[in-house]
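**Q** This is the structure, below, for whatever I ask next.
The values are calculated or read from the model by the stated rules, or taken from the named source; none is laboratory data. Everything quoted here is computed from the prediction, not taken from an experiment. Cβ coordinates were reconstructed from backbone atoms using ideal geometry, including for glycine residues, and neighbour counts include every protein chain displayed.
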Amino acid sequence: MLCPHCGRGLVTLDFCDIEVDYCYSCGGIWLDNGEIERLVSGQGDEFLNMEGVNVDEKTRRCPLCGRRMEKVLMGMGDSVVLDRCGAHGIWTDAGELRKILSAACHEGRQSRLIRLLDEMFAARKDSRGCV
Ligand SMILES: [Zn+2]
Ligand SMILES: [Zn+2]
């Protein structure tokens, strides 16, 4: 699978039992459908309301099917614009997943996930399991 942002190959990493595809080059992360829901589960639906938005950002193509992805806004205070392929999943640019986790997870889970995220990407190698 190739990065929709810079075209390099994505690396599959295990993030708390969820497979994410990470681009070492630009720091973007691909999440398959349902994975973001698993990460922020229990936080209420408002976090997962994704609305289509018109923003002045380059559209990207889904790394799986090659169709243009739509820009969606995650329903949180500090808005994050993501690229979504309705059939396959969402693309988060560098730092966006971290923002989502900071906004959408309750404290205990949030700090654990963010620590994992930071460690995983700082180490730039496969990191296994939840602590
Ligand atoms: Zn990239
Ligand atoms: Zn797709």
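**Q** Looking for something modelled with pLDDT of 85 or more, surrounded by fewer than 12 Cβ atoms within 10 Å (Cβ to Cβ) and in a loop (DSSP other than H, G, I, E, B) - is there at least one such residue anywhere in the range 23-41?
**A** yes
**Q** Of everything in the range 60-79 that's assigned to a loop (DSSP other than H, G, I, E, B) and at pLDDT 90 or above, which residue is farthest from ligand 2 (Cβ to nearest atom)?
**A** Only one residue tops the list, namely Arg60.
**Q** Does Leu13 meet the test of being more than 9 Å from ligand 1 (Cβ to nearest atom), farther than 16 Å from Ser102 by Cα, in contact (Cβ under 8 Å) with a residue 12 or more places away in the chain and hydrophobic (A, V, I, L, M, F, W, C)?
**A** Here the answer is yes, as Leu13 does meet what is asked.
**Q** Run down Leu82, Leu116 and say which single residue is closer than 12 Å to Trp30 by Cα, modelled with pLDDT of 80 or more and aliphatic (A, V, I, L, M).
**A** On the way: Leu116 fails: closer than 12 Å to Trp30 by Cα.
Result: Leu82 is the single residue among Leu82, Leu116 that is closer than 12 Å to Trp30 by Cα, modelled with pLDDT of 80 or more and aliphatic (A, V, I, L, M).
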